[in-house]
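Encoded as structure tokens, the structure appears first; notes follow it.
Every number here is computed from the coordinates shown, using simple stated rules; none is lab data. Everything numeric in this text was worked out from a predicted model, so none of it was measured. We place every Cβ from the backbone using ideal geometry, glycine too, and count neighbours over all the protein chains shown.
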Amino acid sequence: MTWKNSVSRAGSAVAIADVNAYVSSASGAARSPMDRYYAATEGILVKVDSAYFSAYPKEISSLLYVGLISATENYFRDTLGFILRVCPIARTRAAEEKVQFGSFLWGGADLHSRTAFDFIAFSSAKNVSETLAKFIGHQIKKNGVWSAMLPEYDRLCEIRHGIVHSGLVLSGKNALRLDLVRTKKSMVVAPSYATLQEAGDICTTLVQAANNELFEAMVGRWAVDWRKLPSWDKKKARTVLKEVFLGFRSDRDATIGAVSNALDFDSFVKEIKVDFNL
């Protein structure tokens, strides 16, 4: 023994026995990105109750908070991947964008459109807006609910940064962006049960608003823009529209009666034809 062993316990090298034991295949995935978001956040916002928070406050709350933001990011990855699959205009815009080659080496062909966004962080309003504009050519409505929620989502992402990158300690940059009261002591992120629920309301409202706005945009492209393209096939028009309808439809919201104008597909088609004079 020497002075080199005088400050902390000496550890020996340890290796992962089987990395496959850390992962499992996904099963029973919901049909739409909206419902996959609901499924991912249910365990975070519903199944973990306030009593559990009292027993393990900081350890659990920070992990759940990160999971909530990750579920929101994944909604955008799933939805953008879906739009690239169905929208020829989006595919044209995305053709010039760079993607990580690993997306194609690892994922199957049916996952390529989604995994193209694995290298993009959707943990800021700027990244969300810029990626939508670049890859699918959508500008978020300035006076819509989605636009109003983006600054709130940005604030949640600043808090997330302290959990993920600095061991719960909020950096000066993040604190300034959040406009927190200045203090001489370090600030640590410590979500409570109440603030996690509030963050959940913000993320869910953001995702719901995005889902409705993008659905409206894709239906508009189907009714007007796609018909002007050389690739348009009138015989497949109804099939393509149904894919759009189901891709944005939430079975969960429909089941609990939360959709304000719930329509079956045939009724939906009739309204679209009237609205766009088709």
>> Rounded to the nearest angstrom and ordered from largest down, what semi-axes does the equivalent ellipsoid of segment 160-227 get from its C-alpha gyration tensor (root of 5λ)?
In response: 39, 14, 10
> Once you sort the root eigenvalues of the Cα gyration tensor of segment 127-278 as a ≥ b ≥ c, which label holds: rounded (a/c under 1.5), prolate (a/b larger than b/c) or oblate (the other case)?
Replying inline: prolate
> Which loop trypsin sites (Lys or Arg not before Pro) in segment 126-177, with loop taken from DSSP, have no more than 14 other Cβ atoms within 10 angstrom of their Cβ?
Replying inline: Lys141, Lys142
>> Going by amide H atoms built from the backbone, whose H comes under 5 Å of the H on Val169, apart from near neighbours?
In response: Val189
>> Ignoring GluC sites (Glu not before Pro) that are buried or in helix or strand per DSSP, and keeping those with at most 13 other beta carbon atoms within 10 Å, what is the longest stretch of the chain between them?
In response: 98-278
> Which entries in the list Lys58/Lys173; Lys126/Lys173; Lys126/Lys234; Lys228/Lys270 go over 26 Å, if you measure between the two C-alpha atoms of each?
Replying inline: Lys126/Lys234
> Dividing the convex hull volume of the alpha carbon atoms of the chain by its residue count, what do you get in Å³ per residue?
Replying inline: 206
>> At R0 = 30 Å, how high is the FRET efficiency between Glu198 and Lys141 if r is their beta carbon distance? Nearest 0.05 is fine.
In response: 0.80
>> Using a 7 Å offset from the Cα along the Cα-to-Cβ direction at both Val46 and Asn277, what is the distance between the two label points in nm, to one decimal?
In response: 4.4
>> With a cap of 16 neighbouring Cβ atoms within 10 Å, and only residues DSSP puts in a loop, list the trypsin sites (Lys or Arg not before Pro) found in segment 1-54.
In response: Arg9, Arg31
> Taking the Cα centre of the chain as the origin and placing charges on Cβ (Lys, Arg +1; Asp, Glu -1), which of Thr131, Val240, Ala254 is farthest toward the positive end of the dipole?
Replying inline: Thr131
> Taking each full run of DSSP H in the chain as one helix, which ones are at least 24 Å long along their axis (Cα atoms) and have mean Kyte-Doolittle hydropathy of at least -0.5?
Replying inline: 57-86, 145-165, 193-220
>> Given a Förster distance of 22 Å, report the FRET efficiency between Ala55 and Val169 from their Cβ-Cβ distance, rounded to the nearest 0.05.
In response: 0.40
